[in-house]
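Following: one structure in structure tokens, then a few remarks.
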Amino acid sequence: MSQPREQWGTRLGFVLAAAGSAIGLGAVWRLPYVAGTSGGGAFFLIFVAFTLILGTALLIAEFVVGRRTQKPPVPAYKTIAPNTPWFFNGIIGMICAILILSFYSVVGGWIIIYFVRSLGGLASEGTDYGALFGSIISNPWEVGIAHLAFMLITILVVQGGVRKGIERTTNWMMPTLFILFIVIVIRSLTLEGAGEGIAFFLQPDFSAVTGTTILFALGQAFFSLSLGNSVMATYSSYLPKEKSLINSAFSIVVLTIIISLLSGLAIFPGVFAFDIPPDAGPNLIFIVLPAVFEQLALGSLFFTLFMLLLVFATLTSAFSLLEIIVSSVSYKRPDSRGRTAWVVGILIFILGIPSNLSYGLLSDWLIFGNTFFDSIDILTSNFLLPLGALIVSLFLPLKIKKADLRDEVMRGSAMGNGVFLMWFTVIRYIAPVAIIIVFINSLIGLFT
Ligand code: PHE
């Protein structure tokens, strides 16, 4: 190999980049609308429980795969378990990352449009934002250009490398995102009538919980921690051997839960204060938020800030989705990284075009009653990600000795052996059983 493989500059840099991958549309766009359609507070609680117990354990598990081998997913699996088919999990991960990025970049494009338009004032007061959103996303040229712009920024950052491209960018985008979020939440909580929204979001009503709610909460937990598609394994493969995996994982999980909570608090008060149905679906933030902000003092400024925050959240996740592919393809020839980023990025852009047209020209093209866009989302979040996570949890205890796992997980951390044993129990028993039960349950749900 011509040059040594890159590494993250600092552990904080790694944590921010991984938190950047985790925090994205999942927490800010998907969570509020899925919670809105699947029972509010009860959904949120189940999601938090899955994230804390299964999410943390599986995040550490993916970290082990990458950090131990210092290789991208497919060669990583091949190194730990030579001559076995386990490496397919790396391939599933790559396919999943390509699919997710293909629709992710579409939404990223919508957000860029809203951000740019909001600079000049989004619309005059009293506009029907549903109609505005419909007209924006059904205009193939505007969404096409924005979609491309989003992809180009992602490519430019990823081609710069792990440290000089991704780490350098997430190092300022993530702190800015946190600050913007706090500003918006304060504004939202001081709305008159905010209480009802907070109650919807935080007071659990378990009578609304069904098997599908649980499957969606599990899918949400995996999606929002970027789990199950080896993205986190890829990021951790650039982490020096002495840095603590478990401490990093806890920081990332806590940051993700805090941001998920903040997004609910930012969005639901407005939804209720202005009598908008909470189950508006994927368009919630594009239709509801402009209507809410329009009524506020300095509303258009807050709206622009919120869109900027979303641009950052989405980009920092897109970096990780492109990185897994670029790192795998250019593994043997690190100097081809730049070219690889361009070729792969443009191909994924092309693959995203049908998703982009899903709400416009192709809106009549339904797969099992869902648009192309929603089908890809459901296929990846609810099926492929949990499947990938299931495979990791079966893989590690079978293929790495317990003592080696302990060393890998606990190195650099002051936590006791009890924490390791808890992790091991979750990975070995609880995670696989829970994922399988949720799967079976949802399959039964599909056929009854
Ligand atoms: N975690 C990202 C989000 O919540 C989505 C994602 C999933 C990114 C899987 C990478 C891998 O928006």
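In the range 218-240, the qualifying residues are those that are aromatic (Phe, Trp, Tyr) and more than 9 Å from the ligand (Cβ to nearest atom), and the one that is farthest from residue 263 (Cα to Cα) is 238.
Residues in the range 4-19 that are touching a helix residue (DSSP H, G or I) at 6+ places or on another chain (Cβ under 6 Å) and more than 16 Å from the ligand (Cβ to nearest atom): 6, 8, 9, 13.
For the range 20-61, give me each residue that is within 10 Å of the ligand (Cβ to nearest atom), closer than 25 Å to residue 390 by Cβ and of a type outside the set (Ser, Thr, Tyr). It would help to see each step written out before you state the result.
Taking the range 20-61 and keeping what is within 10 Å of the ligand (Cβ to nearest atom), we get 20-31.
Adding the requirement that they be closer than 25 Å to residue 390 by Cβ leaves 21-27, 30-31.
Once the filter is applied, which keeps residues that are within 10 Å of the ligand (Cβ to nearest atom), closer than 25 Å to residue 390 by Cβ and of a type outside the set (Ser, Thr, Tyr), the range 20-61 yields 22, 23, 24, 25, 26, 27, 30, 31.
Filter the range 179-211 down to residues that are assigned to a helix (DSSP H, G or I), out of contact with any strand residue (DSSP E or B) (no Cβ under 9 Å at 6 or more places or on another chain) and surrounded by fewer than 17 Cβ atoms within 10 Å (Cβ to Cβ), then give me how many there are. Before the answer, list the steps.
Quick first cut of the range 179-211, residues assigned to a helix (DSSP H, G or I) only: 179-189, 194-202, 206-208, 211.
With out of contact with any strand residue (DSSP E or B) (no Cβ under 9 Å at 6 or more places or on another chain) added as a condition, the list becomes 179-189, 194-198, 206-207, 211.
Filter once more, so that each one left must be surrounded by fewer than 17 Cβ atoms within 10 Å (Cβ to Cβ): 179, 182-183, 186, 189, 195-196, 206-207.
Residues that pass the stated criteria total 9.
Every residue in the range 212-242 that is surrounded by 20 or more Cβ atoms within 10 Å (Cβ to Cβ) and out of contact with any Leu (no Cβ under 9 Å at 6 or more places or on another chain), please. Show your work before the answer.
Here is the first cut: in the range 212-242, the ones surrounded by 20 or more Cβ atoms within 10 Å (Cβ to Cβ) are 213-239.
Result: 213, 214, 215, 216, 230, 233, 234, 235, 237, 238.
Of all residues in the range 292-347, those that are over 28 Å from residue 121 (Cα atoms) and within 13 Å of the ligand (Cβ to nearest atom) total 7. Considering the range 61-99, the residues that are of a type in the set (A, V, I, L, M) and open to solvent by 10 Å² or more (accessible area, probe 1.4 Å) include one that is farthest from residue 311 (Cα to Cα), namely 80. Inspect the range 409-421 for any residue being out of contact with any strand residue (DSSP E or B) (no Cβ under 7 Å at 6 or more places or on another chain), within 27 Å of residue 83 (Cα to Cα) and surrounded by fewer than 18 Cβ atoms within 10 Å (Cβ to Cβ) and give the result as yes or no. Looking through the range 409-421, none of the residues is out of contact with any strand residue (DSSP E or B) (no Cβ under 7 Å at 6 or more places or on another chain), within 27 Å of residue 83 (Cα to Cα) and surrounded by fewer than 18 Cβ atoms within 10 Å (Cβ to Cβ).
The values are calculated or read from the model by the stated rules, or taken from the named source; none is laboratory data. Only a predicted model underlies this, so the values are computations on that prediction, with no experimental measurement involved. Quick reminder, even Gly has a Cβ in these numbers, built from the backbone with ideal geometry, and neighbours come from all protein chains shown. Heavy atoms of the whole protein, side chains included, go into the accessibility calculation; ligands, DNA and RNA do not. Shrake-Rupley method; radii C 1.70, N 1.55, O 1.52, S 1.80 Å.
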